[in-house]
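Scroll down for the structure; my scribbles are underneath it.
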Amino acid sequence: NNVLAATTLLYLLVAYGCCCRLFKLVDAADVGDTTIAPKLSFGDINIMVVTDVHSFVGGHPHEVDRNADYGDFYSFHERLKAYCDAHEKDLWLLNNGDWLHGTGLAMDGNATSLLPIIRSIPWDGMNMGNHEAMYSAVLHDMRESLLPAYPGKYLTSNVLWKETMEPYGERYQLLQGRNSTVLLFGFLYNMRNPSETIEVVRIQDAVKEDWFLQALTETEYDAIVVLAHMESDYRHIDDIYQQIRANVDPKMPIQFIAGHSHKRLYSKPVRKDNYYREMEPGGFFDTVGWVTLPRLSTAWEKSASEMDKEFQHEFLNTSKTFLHDRLGLAGDQPLLTTKGEELSKSIQETQKKLGLDQVVACPGKDYYRNVSIHADNSLWKLWREHVVPSQLFKKGEDRLMLVGKETFRYDLRGSGKRDSMTLDDVIAIAPYMNRVIYVGDVPDWMVRRLNNTLNTYSTHNLIPDYVLAGSMEAFQTVENYQLYTHEEDLPAIVEKLEKYNFQDFQNSFVGKRDTIYWLDYVMSAFRCDELFDNKYSIVPYFYDPSELEEEATDGVLSSEDMGENDEHQGGSETNGDDDESDWTLPPGGYAGYIPGQGETHKIPASHYENYVPPNEREKPPSNKHHSTSGVKSRVERRKKRQKAIIKGIVLTIAVAILMIPVVCGVMQLTGRLKDDDDEIGIYDREEVRALRRHRRRGLSGAPLRNMRPVGEIEIT
């Protein structure tokens with residue numbers, strides 16, 4: 001029995017060891033720590049970064065070049081991290097902010113469904129974007145659930161929590177790797193209208209504070225990385241750079257990672273600093289940025305000309321196929337790891353729970369925001385000619401609608417006869433739930449002048465800065481138009497109309513929001529086959545106004561915050577199906593919304609006192625009056641320059657004329673101006689002198705020798 005027991009125990013131990021080894025091998029194979037050969041350049045410090053994802057964690061299912069979701073992203077990082085660990089390389093995963101808005105997972109300040117997905121990613125450092133900084137409820141939720149999940153990793157170098165006047169997150173962080181230490185900062189641009197629960201310190205002031213200088217001079221590190229939620233050409237990036245370079249080693253590697261504009265950008269600055277680079281990795285989760293940079297010791301070992309090989313960057317498409325290929329996986333190896341697959345399922349379940357995956361329309365073609373407004377596949381043409389007339393205007397009434405071109409954020413995607421649009425696809429077009437505002441009955445001439453003024457600098461653009469919808473003839477046919485706009489564009493329109501002495505403002509909410517009227521339109525105009533009744537299986541939660549987290553302490557959503565210049569985003573500009581579409585209205589006809597009927601809410605002009613119009617965005621706060629900025633100020637400056645040039649020319653001519661007698665007088669006094677005919681070169685000098693002598697002597701008889709007859713020379 002003892003022998004049998006010992007044999008059994010030995011067998012169990014061996015089996016246990018084999019199982020452990022087997023599971024270890026399976027786990028290793030799952031993340032591919034030694035089985036992959038990444039097609040990426042590696043350096044001393046390696047960074048994966050995303051910015052301005054705007055809740056597109058589910059990817060872009062209609063677009064094969066960006067169809068990866070956060071589960072694929074998680075798997076890509078997990079496999080790459082295992083590879084770097086096995087090969088003694090440092091890899092950091094960063095997020096540069098603006099994960100709110102964009103899809104139905106995070107609308108109008110409601111981040112409840114999105115935060116668990118954000119927390120699933122093992123970020124090494126995060127920065128605050130302006131969209132998170134706008135909503136009080138989001139900021140409270142983040143303090144309770146996000147910051148504790150990433151202790152010391154959420155960076156707010158210039159954002160304070162007003163209750164304590166302490167940093168909302170951490171001012172900086174040291175990333176300790178195997179081979180290097182990185183000093184990491186996180187700055188938000190000088191945002192004017194954030195939530196009242198926080199204070200955004202001006203960048204030019206923050207970099208002069210003691211903590212910033214101490215971080216640069218009293219800590220040990222090998223390189224500096226700055227997460228800057230601002231455009232790469234934002235003027236205050238230079239304030240950060242200058243302060244850093246003035247207090248660190250001249251060869252200290254500095255890498256800026258910008259955001260906010262949704263562009264792919266990389267630059268080696270004009271300034272003569274070979275140890276400094278900037279990059280911006282796109283937006284809407286169309287890009288995973290890959291960055292490598294050297295540590296300080298490498299910078300000293302190598303020449304300045306070799307730094308281009310040490311500072312590397314790449315923009316990785318968020319395509320499942322592309323990410324699979326860049327990892328160097330074999331054809332039969334899946335991209336998804338176990339944890340990545342779990343995250344993908346979690347995203348899908350969340351979308352299903354919110355009803356975001358339900359089919360609502362079948363357009364049969366795509367409409368793009370960034371093609372000519374006159375093109376058949378233009379989203380703006382569709383909006384002007386079909387959406388607004390059917391959803392907002394009553395037939396036979398003189399109505400116009402004027403909105404900024406940054407209002408809509410994404411393309412209308414639904415290519416292919418069997419393809420379809422989900423609720424989430426429609427929300428992506430208009431994620432802000434902008435209210436439709438009735439401005440008032442505006443005279444014809446004012447509307448025309450308003451349209452021309454707001455579009456002064458967009459005459460030759462594919463899309464004007466402000467798009468006008470409605471029937472307006474080339475010549476005046478009516479006295480007044482009922483003018484409508486979106487709430488975010490109202491302040492700019494009111495400002496202009498006030499200058500035209502317009503006073504009959506209504507500024508009333510007509511009960512419609514842009515997200516809702518787009519949904520109503522596609523469901524009626526782009527009906528699917530006969531078996532599909534275009535009805536919601538789950539009514540969208542945002543149809544209930546009480547579900548929208550609007551608080552008195554929220555910031556103001558302005559064009560500055562939502563109108564980042566992102567012309568290349570939202571899909572390619574290839575033409576869709578050219579087949580004509582049948583525009584079907586809801587049964588019984590659609591009367592539209594009429595001011596004064598139904599529930600209306602008046603919005604006083606004082607509501608917009610602190611609003612900064614688009615033509616003043618990105619201007620630094622100053623003690624000067626802001627009326628000198630924007631379109632008007634540029635026109636005035638141009639006129640002043642022209643007047644100055646003309647004045648300068650006139651003054652030059654006048655001075656030249658006045659100087660003529662002065663110069664003559666000076667020449668007379670100095671003897672250079674004499675009434676001396678000797679200088680006249682048309683006569684022979686000797687003959688003239690002889691004639692003068694002859695005249696003085698009174699000799700008028702015999703002709704002089706060696707000279708022409710006197711009659712041939714006229715003496716005066």
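The values are calculated or read from the model by the stated rules, or taken from the named source; none is laboratory data. All values derive from a computational prediction rather than experimental measurement. Don't worry about glycine lacking a Cβ; one is built from the backbone with ideal geometry, like all the others, and counts go over all protein chains shown. With ligands, DNA and RNA removed, areas are computed over all heavy atoms of the protein, side chains included. Shrake-Rupley method; radii C 1.70, N 1.55, O 1.52, S 1.80 Å.
Less than 5 angstrom separates the built amide H of Ala361 from those of Met421, all sequence-distant by 5 or more or on a different chain.
Residue order by solvent-accessible surface for Thr477, Thr156 is Thr477, Thr156, largest first, with ligands and nucleic acids left out and a 1.4 Å probe.
Sparse packing (at most 13 other Cβ atoms within 10 Å of the Cβ) combined with a DSSP loop state is found for the following GluC sites (Glu not before Pro) in segment 163-200: Glu163, Glu196. Amide H contacts for Gly440 (H built 1.01 Å from N in the peptide plane; partners 5 or more residues away or on another chain; cut-off under 5 Å): Leu483, Gln506, Asn507.
The candidates Glu220, Glu144, arranged from most to least accessible area with a 1.4 Å probe in the full protein assembly, appear as Glu220, Glu144.
Using a 1.4 Å probe on the protein chains only, how many percent of the accessible area of segment 75-214 belongs to carbon and sulfur? Of the solvent-accessible surface of segment 75-214, carbon and sulfur hold 43 percent.
State the percentage of accessible surface on segment 221-367 attributable to carbon and sulfur atoms; use a 1.4 Å probe and exclude ligands, DNA and RNA.
Values: 2710 of 5680 Å².
The value for segment 221-367 is 48 percent carbon and sulfur by accessible area.
In a simple Cβ point-charge model (Lys, Arg +1; Asp, Glu -1; nothing else charged), segment 222-306 has a dipole of about 180 debye relative to its Cα centre.
Rounded to the nearest whole Hz, the Karplus-based 3J(HN,Hα) values (6.51 cos²θ - 1.76 cosθ + 1.60, θ = phi - 60°) of segment 217-226 follow the sequence 9, 10, 10, 9, 7, 10, 6, 10, 10, 10, with x at glycine and proline.
Per residue, segment 434-541 exposes 45 Å² of accessible surface when a 1.4 Å probe is rolled over the protein heavy atoms with every protein chain present.
For the listed residue pairs Lys89/Lys162; Lys89/Lys268; Lys208/Lys496; Lys251/Lys320; Lys81/Lys208, the alpha carbons are over 30 angstrom apart in Lys89/Lys162; Lys208/Lys496; Lys251/Lys320; Lys81/Lys208. In the context of the full set of protein chains, residues of segment 28-114 present 23 Å² of accessible surface per residue (probe radius 1.4 Å, heavy atoms only). What the phi angles of segment 238-251 give under the Karplus curve with 6.51, -1.76 and 1.60, with θ = phi - 60°, is a coupling list of 5, 4, 5, 4, 4, 5, 5, 4, 5, 10, 10, 4, x, 10 Hz, glycine and proline written as x. Counting only protein heavy atoms and a probe of 1.4 Å, the accessible surface of segment 434-473 is 48% carbon and sulfur.
In sequence order, segment 520-526 has phi-based couplings of 4, 5, 5, 6, 8, 8, 10 Hz under the Karplus curve 6.51 cos²θ - 1.76 cosθ + 1.60, θ = phi - 60°, and Gly or Pro positions carry x. Under a 5 Å amide H cut-off, with hydrogens placed 1.01 Å from N, Gly97 pairs with Asp52, Asn127 among residues at least 5 apart or on other chains.
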